[in-house]
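The values are calculated or read from the model by the stated rules, or taken from the named source; none is laboratory data. Quick caveat, the model's predicted, so the values are computed rather than measured. Glycine gets a Cβ as well: all are built from the backbone with ideal geometry, and neighbour counts include every protein chain shown. The accessibility values were calculated without ligands, DNA or RNA, using every heavy atom of the protein model including side chains. Shrake-Rupley method; radii C 1.70, N 1.55, O 1.52, S 1.80 Å.
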Amino acid sequence: MHGYSRLGGAARSPPSSPRFRHGRSKSRGWGSSKESNSMEKLVFILMSAVFRRRGLLLFAPLLYISGMLLYMGSLSFDVVSIKNGVVLVHKRAPPGSVYRSPQLFQNLWPLMEADNGTTLNVLMKAWTKNELREWKPCANASLPETELPKSNGFLIIEANGGLNQQRLSICDAVAVAGLLNATLLIPIFHLNSVWRDSSNFGDIFNENFFIQSLGNRVHVVRELPDDILQRFDNNISNIVNLRVKGWSSSAHYLQKVLPQLLKMGAVRIAPFSNRLAQAVPSKIQGLRCFANFGALRFSEPIRTLAESLVDRMVKYSSQSGGKYVSVHLRFEEDMVAFSCCEYDGGKEEKLEMDIARERSWRGKFRRKHRIIKPGANRVDGRCPLTPLEVGMMLRGMGFDNTTSVYVAAGKIYKEQKYMAPLKQMFPRLQTKNTLATPEELAQFMGHSTRLAALDYTVCLHSEVFITTQGGNFPHFLMGHRRYMYGGHAKTIKPDKRRLALLFDNPNIRWEVFKQQMTDMLRHSDQKGTEIKKAGGSLYTFPMPDCMCKQVEPKSENGNMTKYIKL
């Protein structure tokens, strides 16, 4: 028995790409040889000079060894002391491995205060002006003219994680339902141990709009029909749960899942996050695009308050033309704990982080052979930026103390302590808690996913968005902003490895620091418009799958503009 496939036939798995392994000798051979020859010549010249002066002959071995250690990168300028006739070498921490940002702020603060008055220009000129962007949204295009064929069965998925991981699962589920010509049951939300939010689909997204929007593309229902439920003793848990590997291809679903769907009439995949490969046929990719940008709309309570918060933020930013900066600040206790980074809390902080890790991940960080290296994490750019570091970065880029800043975040770790310097640098700082009244927020309290939806909306409409720690929230937001703003994300994505080194130098000159930050802003502008690469996610890079490129037709009047789907 063969079910109808939206692809029109059985799909075959594409051949896997060969992996090229580059040996070290090939990748470094020429450069290493050249450096070795140069270094040998330098050492030879130094040794020759030393031997000409016999009085320095005793120092020749020391000079040679020091030169070789410097060449190999294994010598650092450590602190040496002598105690009781014993030479003690105190190893210095590698550059960028220690949190020294407060010392840098103390030195730079007077200079920041004296360097105000450039905000308007920065907000207006942060991004390269391009009135006619090349890319336009077209996820809503190509609506099917014919009715959907008879369904092959029901697809039940369980979305896990936070707001945007759930969003990813929903969009992928729509794509899989379209691929299998299945009827999608409104996704079930799993109670996550970190987010701890019991919200259902309808609490976060508009169910009616979702079902109606997908009407001519994919079958969607709120509940399973009685005959299907009776077949499984009125218990969805009795429906077989197919164990689908992460990033499974469309061919896998057609060859392995579709036969089970046809046989049993309903299948379940839980958990479902990241269960569909990025590379799928264009028609299925189009379903992903439409689900994300066309069918998913926040529920009316969230939508109403979120739009009010945006309006209030715009009015609050009237002196800068209604433009404001939004920051996704990932300095909540769980994120700090998960990163395994150290700040300036000492033993108290370490104890709190150990408790937080055990509460949310239960032994994951105590497993055998698990080594936690806070210094290495910081050097590698894996540590969440503190509010202080975000503030210094923005002030260095030219945003002065009149800038309106919206902070999107959960409960900040030791908020009173860590938020104080950011408020000092940006007194016009707002959050959902300051923009909304306690009565307005009451219905959302205790539901982190709904609160995140409010943050998402305010960040979406900001002139500048700053991401500080990665994750699904900024990835989806960057893609959504590209979709809205002509292909440009209007997002500052800082180089955290570079920042770690800069923040570790309390004596850096303000002019030098500003130049580094300006370069970082310019780089974010250049990377704002990016086309999805092989293996990339359309949720972050919607071009060319979800957007059309603007082209000027060759005509005599030259006034017509059309858009093509690449």
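Just a few scattered comments:
- Conditions (1) at pLDDT 95 or above; (2) under 22 Å from F476 (Cα atoms); (3) of a type in the set (K, R): number failed by R222: (2)
- Test: residue in segment 506-522 that is outside any helix (DSSP H, G or I) and free of Cβ contacts under 8 Å to residues at least 12 places away in the same chain: yes
- Test: residue in segment 245-268 that is under 26 Å from the mean Cα position of the chain (by Cα), among the aliphatic types (A, V, I, L, M) and at pLDDT 95 or above: no
- Test: residue in segment 308-324 that is modelled with pLDDT under 95, open to solvent by less than 20 Å² (accessible area, probe 1.4 Å) and either part of a helix (DSSP H, G or I) or in contact with a Pro (Cβ under 8 Å, 6 or more places away or on another chain) (or both): yes
- Residue among G479, G486, G471, G528 that alone is over 16 Å from the mean Cα position of the chain (by Cα), in contact (Cβ under 8 Å) with a residue 40 or more places away in the chain and surrounded by 15 or more Cβ atoms within 10 Å (Cβ to Cβ): G486
- Count - residues of segment 456-467 that are closer than 15 Å to T491 by Cβ and in a helix (DSSP H, G or I): 4
- Tally of residues being open to solvent by less than 10 Å² (accessible area, probe 1.4 Å) and on the phi > 0 side of the Ramachandran plot across segment 372-403: 0
- Listed by first and then second residue, the pairs linking a residue in segment 283-301 that is under 15 Å from P187 (Cα atoms) and at pLDDT 95 or above to a residue that is open to solvent by less than 20 Å² (accessible area, probe 1.4 Å) and basic (K, R), with Cβ atoms under 8 Å apart and 6 or more places separating them unless they lie on different chains, are N292/R167; L296/R167.
- Helices (runs of 4 or more DSSP H) wholly inside segment 150-255 that include at least 1 residues being open to solvent by 20 Å² or more (accessible area, probe 1.4 Å), closer than 23 Å to N292 by Cα and in the same structural domain as H480 (by the TED database): none
- Some residue of segment 409-418 being among the small types (G, A, S), farther than 19 Å from K527 by Cα and in contact (Cβ under 8 Å) with a residue 12 or more places away in the chain: yes
- Considering A356, A337, the condition of being aliphatic (A, V, I, L, M), in contact (Cβ under 8 Å) with a residue 12 or more places away in the chain and surrounded by fewer than 21 Cβ atoms within 10 Å (Cβ to Cβ) is satisfied by A356 alone.
- Test set (1) in contact with a Ser or Thr (Cβ under 8 Å, 6 or more places away or on another chain); (2) in a helix (DSSP H, G or I); (3) hydroxyl-bearing (S, T, Y); (4) within 22 Å of Y316 (Cα to Cα) - T449 fails condition number: (4)
- Matching residues in segment 370-385 - criterion: being under 19 Å from D354 (Cβ atoms) and assigned to a helix (DSSP H, G or I): P374, G375, A376, N377, R378
- Selection within segment 534-566 - modelled with pLDDT of 55 or more and open to solvent by 100 Å² or more (accessible area, probe 1.4 Å): A534, E552
- For segment 423-456, residues that are among the hydroxyl-bearing types (S, T, Y), crowded, with 18+ Cβ neighbours inside 10 Å and over 15 Å from G410 (Cα atoms) total 0.
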